[in-house]
Amino acid sequence: MAIGSVLGACAARGQGPPCDPRLVRPAADPYGYRLRGDRCEGIYVQEVAGAPLAIVSWTRSFAAYDLNSKQPLLLEWESAPDHGAVRLHAQSLRHRLYYQMDAVRPPGSKSYQWPLDLLAALAISKDELGVVGTRRISTGQTERDLYLPLRISQGGKLVPSGGYHLVVLPGVELKEVFITLAAVKENREAIVKNGDPMGYGYYPAERPIDVPVAAPREQGIYRLEIGATHKSGGASTAELWFYHPGNH
């Protein structure tokens, strides 16, 4: 599930907790989605079908973590244009486990410590978790979410990475997936990668698709477009604008 504009707008203005108002909480469940300290987290009742193609994770580095450890996960990100509030969103990628976490960090923040309590209780491993961090920016006359490169670790154990790791979740079985990457400067685009097919051969519905993305050469804002043809006919697209801080 993508981050809701209602959630982001209200939380950024300080209007109550960062909980997603669209979610239906299971009655009297100790693991139900609700406010837990500085975040909203838990399981919810799924009532509607997912999007044909949803972006569920965007990371620069994501180390495996120990669910039996008392150490929290450390989420870190680089500064970016328009230093507004940062919205963190996580969800389960396990089939039929409807779990979500939402948190909002103030302008200027660069990290967040996330307690493992619920992840451990639900036994959600690194491979079953999607995490994104976004910040609202203005491009021309349009406001949009800018995805920030997250580095996720536990106990200081980072995984070296020269690129990015994207995970998309299809709501239907796909025939093929195509990737386009463009650099955005002064509202103009320069194509870096033009509609290249992934060539995986099999894209079942509701099964996460891992998309490695090589780090661009130059610092700046980029637009990543994921296009897909459906097995049953038709097509869908998803778009991700992200900030690349440079290779350092």
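Across the cross-link table entries Lys110/Lys157; Lys110/Lys193; Lys185/Lys231; Lys70/Lys157, which are compared at the Cα atoms, the separations over 26 Å belong to Lys110/Lys193; Lys185/Lys231.
Past the 20 angstrom mark, what percentage of all C-alpha to C-alpha distances in the range 143-248 do you count?
45 percent
Ignoring the sites themselves, the chain has its longest run without trypsin sites (Lys or Arg not before Pro) in a DSSP loop having at most 13 other Cβ atoms within 10 Å at 158-216. Computed from point charges on the beta carbon alone (+1 for Lys and Arg, -1 for Asp and Glu), the dipole magnitude for the range 46-177 about its Cα centre is near 260 Debye. Farthest towards the positive end of the charge dipole of the range 125-187, among the residues His165, Ile152, Ser125, is the Cα of Ile152, using unit charges on the Cβ of Lys, Arg, Asp and Glu. When the helices of the chain are scored as -39500 (n - 2.57) per DSSP H run of n ≥ 4 and the total is divided over every residue, the value at 222 nm lands at -1500 deg cm²/dmol.
With the charge dipole of the chain set up from +1 on Lys and Arg Cβ and -1 on Asp and Glu Cβ about the Cα centre, the Cα lying farthest toward the positive end among the listed residues Leu116, Tyr243, Gly227 is that of Leu116.
Just going by the charge dipole of the chain, with Lys and Arg at +1 and Asp and Glu at -1 on Cβ, which of His95, Ile43, Ala183 is farthest out on the positive end? Looking along the dipole axis, the top candidate is Ile43.
Basic side chains Lys and Arg get +1 at the Cβ, acidic Asp and Glu get -1 at the Cβ, and with that the dipole of the range 168-225 about its Cα centre reaches some 160 debye. Plainly put, the chain has a radius of gyration that is 0.94 times its Kirkwood radius, both from alpha-carbon atoms, as the Rg/Rh ratio. Of the GluC sites (Glu not before Pro) found in the range 198-230, those that fall in a DSSP loop while having at most 13 other beta-carbon atoms within 10 Å are Glu218.
What you get for the chain, charging only the Cβ of Lys and Arg (+1) and of Asp and Glu (-1), is a dipole of about 320 debye around the Cα centre.
Readers should treat all values here as calculations from the given coordinates under stated rules, not as data from a laboratory. Keep in mind the model is a prediction, meaning the values are calculated, not measured. Every residue, glycine as well, gets a Cβ built from its backbone with ideal geometry; the counts of neighbours run over all protein chains shown.
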